[in-house]
Amino acid sequence: AMERACPIQGNELDTVFAGKSNGAWKVLRKNGGSLSLLCALFCDLFNAVADSLHTLAFTAEGDACEMYIPAQSNGKSLPDTEKYLIVLANCHMMRTSVIAKVQQKFVDLFWSDHVDVSGFFSLPAEVFLHLEHKLLVHYTANRGRKMSSLLSAAIYTGGVDWANMDQPEQVREYAFALITEFIYVHEEVSRTAGTSFLRRVLVPLVEAVAQSFLDLLESVHFICYNGAAQLNAEMAFLKVGDL
């Protein structure tokens with residue numbers, strides 16, 4: 001089970017690359033082909049990790065590979081949203097910390113021999129970045145579906161007669177429910193992936209909800225003055241600055 005990203009520490013990398021002055025490292029420093037092979041092996045390793053993370057995130061329920069909540073939650077299978085966030089945090093850590101540290105170790109070891117190894121590690125970094133993007137898209141789509149359904153019922157499918165409305169007296173319940181959903185997303189992201197991911201998750205989610213709001217309004221043929229006042233009050237309540 002994977003919970004939070006766990007980076008390789010500097011001393012662990014020193015252990016991995018220990019003995020750089022021994023015979024094996026001398027051979028690598030003299031043989032560019034062997035060095036290329038070693039870099040390729042590391043890249044294959046990173047790609048295998050990325051593939052495993054992809055499987056953890058997107059394997060359907062009931063298949064062989066599952067991710068579980070920590071022991072205090074009685075071993076229940078994780079919901080998709082938390083699964084996406086956990087894998088997202090691990091992908092980000094692999095891309096920004098682990099791969100970067102391994103690459104720097106190679107540079108430290110072989111730069112004096114004018115061997116450029118930086119290019120070897122760009123592809124696995126791009127693989128993890130692509131997977132991060134895919135996870136963000138799936139997470140925001142999953143969370144956005146409920147928010148869109150709240151908006152749809154409040155604006156288009158809920159039987160509201162926008163052409164004949166009484167003077168508004170208060171913000172309708174859906175607006176409070178929508179704010180509650182954003183609060184839950186904020187808590188889930190902070191708890192599962194970390195606060196550093198809040199902007200990456202919330203910005204596209206707010207944009208998607210705003211676009212859904214606009215699309216639904218464009219489906220309404222006529223809105224009377226009181227209806228416009230109702231919407232104006234609710235848009236003010238839901239303004240992005242408050243989210």
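Does the range 151-161 include one or more residues that are within 21 Å of residue 203 (Cβ to Cβ) and at pLDDT 90 or above?
yes
State the number of residues belonging to the range 70-103 that are crowded, with 16+ Cβ neighbours inside 10 Å and at pLDDT below 85.
Residues in the range 70-103 being crowded, with 16+ Cβ neighbours inside 10 Å and at pLDDT below 85: 2 in total.
Among what's in the range 104-128 and is surrounded by 13 or more Cβ atoms within 10 Å (Cβ to Cβ) and assigned to a loop (DSSP other than H, G, I, E, B), pick the residue that is modelled with the lowest pLDDT.
Ranking the candidates gives 115 first.
Scan the range 22-51 and report the pairs whose first residue is assigned to a helix (DSSP H, G or I) and at pLDDT below 85 and whose second residue is surrounded by 11 or more Cβ atoms within 10 Å (Cβ to Cβ) and of a type in the set (S, T, N, Q), with Cβ atoms within less than 6 Å and a gap of 6+ or a chain change.
28/34
Taking interchain pairs and intrachain pairs at least six residues apart, which have beta carbon atoms under 6 angstrom, with the first residue in the range 87-109 and basic (Lys, Arg) and the second open to solvent by less than 40 Å² (accessible area, probe 1.4 Å) and assigned to a helix (DSSP H, G or I)?
Short answer, once both residue conditions are applied: 95/125; 95/128; 101/13; 105/13.
Among the listed residues 234, 173, 181, 187, which satisfies the condition of being more than 16 Å from the chain's Cα centre (by Cα) and free of Cβ contacts under 8 Å to residues at least 12 places away in the same chain?
After ruling out the rest, the residue left standing is 173.
Show me the helices (runs of 4 or more DSSP H) entirely contained within the range 129-243 in which 3 or more residues are surrounded by 18 or more Cβ atoms within 10 Å (Cβ to Cβ), in contact with an Asp or Glu (Cβ under 7 Å, 6 or more places away or on another chain) and among the β-branched types (Val, Ile, Thr).
Here the list is empty.
The values are calculated or read from the model by the stated rules, or taken from the named source; none is laboratory data. Given the structure is predicted, the values throughout are model-derived calculations rather than measurements. Please note: Cβ atoms are built from the backbone with ideal geometry, for glycine as well, and neighbour counts cover all protein chains shown. The protein model used for the area step is the full one, side chains on, heavy atoms only, and it has no ligands, DNA or RNA in it. Shrake-Rupley method; radii C 1.70, N 1.55, O 1.52, S 1.80 Å.
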